[in-house]
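The values are calculated or read from the model by the stated rules, or taken from the named source; none is laboratory data. Just so it is clear, the model here is predicted, and its values are computed rather than measured. Neighbour counts run over all protein chains shown; Cβ positions are idealised from the backbone, glycine included.
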Amino acid sequence: MVNGRCQPVSNGGQCPPYNWGIPLVILLALLRPAVADEPAFRPEAVRWVPFASEPLFAGTGVATWDNRIRERGFVHREGNLWRLWYTGYDGTKTGIRRLGLALSTDGIAWTRADRAPLIDDLWVEDVNVLVHEGRFQMVAEGLADRAQRLSSADGRHWTRHGPLDVRLATGQPIPEGPYGTPTVWFEDGVWNLFYERKDLGIWLARSTDLVVWTNVRDEPLLVPGPHAYDREALAFSQILKISDRYTAVLHGTGSKESPRLWNTYFAWSTNLIDWTKAETAIFPESENKSSGQLIHDGQDWRLYTLHDRVIVHKPLK
């Protein structure tokens, strides 16, 4: 045997037959995954429990532009840099809603990036952000619940692009009135915009240029009910793709009286048009946790609820 190989001996001896079984077993062992593939994560199938005992972020509670925060904020993770865009206001019903930014290295401890709002004179709330080709694209509600778009290279300095031009399937403008809580998803060269009208239905419009958005159909994809948790109103919070399907985080309410209590729940789809709602909301309605967002921290999923304080939850598997 020389260097692991059999050499015929000078007296006419022969090498024994080569045993292919042993290396084949080794090869198969190397090719076989160390563990069986885990089943696809289904966020509606786990129990979500608070990750921290106190809210991670809230309004200042003093006489600042962000005395209170409200509506849907947005969390974005880029490695160890976490960004939270939020809406601050003075706590009154008529006070202007302005855009703020907080930063974190772990998504738990947050520090305001500035004492001032990012844009002083523009009404911005219910923000949703998507990074595309190195730029941040934001859709958000403006004054009177009209959806608008902004863009930024750094997430801090924003360019205004004005209200979204949303059209009926025929190409005509949608009827006058609010169209808010915009949520975007980009795939295969197409921008998908989910928006609600008076919280009574969710529509889908599409665009290839971020300028004109055309309804896929003029009937809503989702309406309140039949479950009690959203029988009065609903809106999209976030959309993402997990394994083989799209998952949406929504919020809804079964409350008829003001102030309403809001719920967070999931829905899923394979085509962005036909959606199945979860049978139950994630939290008891009395907890009033809404504007949810799923974020992967590099090891596991987290569920943030962002109105009117930021609370993070972990899956209890």
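Within the range 93-109, how many residues turn out to be over 19 Å from the mean Cα position of the chain (by Cα) and either at pLDDT below 95 or crowded, with 17+ Cβ neighbours inside 10 Å (or both)?
Going through the range 93-109 one residue at a time, the tally reaches 5.
If a residue counts only when it is modelled with pLDDT of 95 or more, out of contact with any helix residue (DSSP H, G or I) (no Cβ under 9 Å at 6 or more places or on another chain) and within 30 Å of residue 41 (Cβ to Cβ), which strands (runs of 3 or more DSSP E) contained entirely in the range 161-263 have at least 2 such residues?
Working: elements: 165-167, 180-187, 190-196, 202-207, 212-215, 233-242, 245-253.
Answer list for the range 161-263: 180-187, 190-196, 202-207, 233-242, 245-253.
List every residue pair whose Cβ atoms sit under 7 Å apart, with the two residues 6 or more apart in sequence or on different chains, where the first one lies in the range 286-312 and is more than 23 Å from residue 79 (Cα to Cα) and the second, anywhere, is modelled with pLDDT of 95 or more and among the basic types (Lys, Arg).
291/72; 307/70; 307/72; 308/68; 308/70
Does residue 149 satisfy the criteria of being over 20 Å from residue 203 (Cβ atoms) and within 23 Å of the chain's Cα centre (by Cα)?
Taking the combined requirement at face value, the residue does not satisfy it.
Here's a check for you: in the range 287-308, which residue that is surrounded by fewer than 16 Cβ atoms within 10 Å (Cβ to Cβ) and not acidic (Asp, Glu) is farthest from residue 181 (Cα to Cα)?
Among them, the one singled out is 299.
Among the listed residues 114, 126, 66, 121, identify the single one that is over 20 Å from the mean Cα position of the chain (by Cα) and buried (at least 17 other Cβ atoms within 10 Å of the Cβ).
Step by step, each of 114, 126, 66, 121 is checked, and only 66 is over 20 Å from the mean Cα position of the chain (by Cα) and buried (at least 17 other Cβ atoms within 10 Å of the Cβ).
Mind counting the residues in the range 175-190 that are surrounded by 21 or more Cβ atoms within 10 Å (Cβ to Cβ), under 12 Å from residue 205 (Cβ atoms) and of a type in the set (Val, Ile, Thr)?
The number of residues fulfilling the criteria is 2.
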